[in-house]
1. Select from the stretch 91-125 the residues that are part of a helix (DSSP H, G or I) and out of contact with any strand residue (DSSP E or B) (no Cβ under 9 Å at 6 or more places or on another chain) and write down the one among them that is surrounded by the fewest Cβ atoms within 10 Å (Cβ to Cβ).
2. Here are 183, 192: which of them is surrounded by fewer than 18 Cβ atoms within 10 Å (Cβ to Cβ) and either under 13 Å from the mean Cα position of the chain (by Cα) or at pLDDT 95 or above (or both)?
3. It is to be established whether one or more residues within the stretch 66-83 are modelled with pLDDT under 95, within 16 Å of the chain's Cα centre (by Cα) and either closer than 24 Å to residue 142 by Cα or not in a loop (DSSP other than H, G, I, E, B) (or both).
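The values are calculated or read from the model by the stated rules, or taken from the named source; none is laboratory data. Small disclaimer: the values here were computed from a predicted structure and weren't measured. FYI the Cβ positions are ideal-geometry reconstructions off the backbone, even for glycines, and counts take in every protein chain you see.
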């Protein structure tokens, strides 16, 4: 069995998020409208201020989908306050334990949400299923599968990615992570 370095999971999570963002930006560029002519460029006056992109405002705050107490119960130890973030139009929340494991990393729960069209989900799922990387999960959202260390879910045209890091030095690590990710998903989906 190959040696896994403690930072490997965070690198995988970062790379997966980056690849997904690049994929989304590529699809967005394919659907881009040409720039309006100078006649079309005159905005209609309605007396209202411009609003944020509809996709961003419709996404739930992932830090409100599970509580700090629930995160502590799932990880089995005290956690710091949730850390909200965003990247490429998605919303992210990370819960990290106070204790550092292996002298390097805390245990953590990572939740990322972005708007997702069914056809984009289907294309991504087919890619991973054809490569035999995806393992289906029944009963979560509209569709769900495990991909590497992540639980990916499609629910209400939203892509939800959940990653839990815990039990890194235990023989039942993979099973503990998958069960924890399912618990996070069940709680989060019930609040969306």
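1. So the first thing to find is which residues in the stretch 91-125 are part of a helix (DSSP H, G or I), and the list is 118-125.
Adding the requirement that they be out of contact with any strand residue (DSSP E or B) (no Cβ under 9 Å at 6 or more places or on another chain) leaves 119, 123.
On the way: 119: 9, 123: 12.
Among those residues, the one meeting the criterion is 119.
2. It is 183.
3. no
Let's see how each residue does on (1) more than 17 Å from residue 191 (Cα to Cα); (2) at pLDDT 95 or above:
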| position | (1), (2) |
| --- | --- |
| 112 | no, yes |
| 125 | yes, no |
| 128 | yes, no |
| 131 | yes, no |
| 134 | yes, no |
| 140 | no, yes |
| 148 | yes, no |
| 151 | yes, yes |
| 154 | no, yes |
